[in-house]
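Readers should treat all values here as calculations from the given coordinates under stated rules, not as data from a laboratory. None of these values were measured; they are calculated from a predicted model. Methodologically, a virtual Cβ is constructed for each residue, glycine included, from the backbone with ideal geometry; neighbour enumeration extends over all protein chains shown.
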Amino acid sequence: MKQIKIFGHRGSMGTMPENTLIGFRHALELGVDGIELDVQLTKDRELVVIHDETIDRTTDGTGYVKDYNLHELKQFSAGIKFSDLELFDEQVWGNERIPTLEEVLELITPYQIELNIELKTNVFAYDGIEEKVLTLVKKFGYEKKVVYSSFHLPSILKLKRIEPSAKIAWLVVYNLSHPFEYVKSLGLEGLHLYKDIVLQDVKYGQSVDEYSIRVWTVNDQKEIEQLLAMNTIETIMTDFPKDAIVLRNRS
C-alpha cells in the first residue's frame, strides 16, 4: 500500500511561527514529504509568503500586505507574535521576517520535497500573480514538485491556461456530490478537502485513482489515524507534522 504523505501546514504552525523560514526549516528537519504555504503580492509586486491579507495577526505591524512594498514589510517581525508556543525564543523569533517565495524556494530546493502553493486570491485579485508564481517556480526548476491550490477557482484555472502542465487543486470546504466530474471537467490534478468532508463521507474512503485527495488541516490524533487507514488519501496536511509522521510510521 502506498504510504500517505505528510505536509507541514504553513511549515509547522502548531509549534513554530507560521509561514516563516524558521518554521519551514523545522519542517524540513522533521522529514516532511511536503510543505503548504500561502502567497500574496506586495505593493511593489513581490511574491511574499503570508496567510492573511493583513499583517496584523502574524506580525507586529498593521495593515494590508498589498499596501506595503517588500522593504517596508521586512521591517516587521513575523515571529514575535507567537509567544504562546512552547518553543518560543524571543531573540530568535523576533528577528524572523515575512519571507519571499524566492527565499522559500532557495531553502527547500536542496531537499526536493513537494510544495503546495496556495494562491490567496479569493479576497484580492492580485493581477498577474499566476504568471509571477509560475515564472519563479520555473527559475528554480521546481515545476514537477509543485501543486497550486486556491479557494478561488478562476485563479488556478487561469494558471492552468498559462501553463497546461501545471498541477492544480481546488480547495473545498463543502461536500461535492460528484467530485470526479469537477476534477474531469476543470482539469484538476486533485481536490484539497477540509478534513470533516472526508471523515464524514463514505465515498472518499472508496477507491480513487483518478485524482489526488489531500486533506487539511488534521491535528487530532484519532482523525489522523482514521485518515491513515484510508488508502484513498494521498496527503494529510497538519500543523503538527512531527506527531503525524510518528503516527504514520507506527501504522
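Details
- Over the chain, relative contact order from alpha-carbon pairs under 8 Å, at least 6 apart, %: 20 percent
- With the gyration tensor restricted to C-alpha atoms of the chain, the semi-axes of the equivalent ellipsoid amount to 28, 23, 16 Å, longest first.
- Derived scalar couplings ³J(HN,Hα) [segment 62-79; Karplus, 6.51 cos²θ - 1.76 cosθ + 1.60; whole Hz; x for Gly, Pro]: 8, x, 7, 3, 5, 9, 10, 8, 4, 4, 5, 4, 5, 7, 9, 7, 9, x
- Aspartates and glutamates whose Cα lies under 20 Å from that of residue 81, excluding same-chain neighbours fewer than 8 positions away: 18, 38, 52, 53, 56, 60, 72, 89, 90, 96, 239
- Cα-Cα over 23 Å, subset of 5/195; 222/242; 2/195; 74/167; 74/132: 74/167
- Ranked by the mean number of other Cβ atoms within 10 Å of their residues, highest first, the peptides 240-247, 151-158 fall in the order 240-247, 151-158.
- Rounded if a/c under 1.5, otherwise prolate or oblate - segment 23-133, Cα gyration tensor axes: oblate
- Helical contribution to [θ] at 222 nm, DSSP H n ≥ 4, -39,500 (n - 2.57), averaged over the chain, rounded to 500: -8500 deg cm²/dmol
- Extended-chain gain in nm, criterion 0.36 nm per residue less alpha-carbon gap, residue 178 and residue 225: 14.3 nm
- When the Cα gyration tensor is reduced to axis lengths a ≥ b ≥ c, the ratio a/c is 1.5 or higher for segment 111-154, and with a/b not above b/c it is classed as oblate.
- Contact order relative to length of segment 88-234, as percent, for alpha carbon pairs under 8 angstrom and 6 or more apart: 16 percent
- Packing around the peptides 186-195, 14-23, taken as the average count of other Cβ atoms within 10 Å per residue, puts them in this order, highest first: 14-23, 186-195.
- Phi angles of segment 204-212 translate, via the Karplus equation with coefficients 6.51, -1.76, 1.60 and θ = phi - 60°, into HN-Hα couplings of 7, x, 9, 4, 9, 10, 7, 7, 8 Hz per residue; Gly and Pro are given as x.
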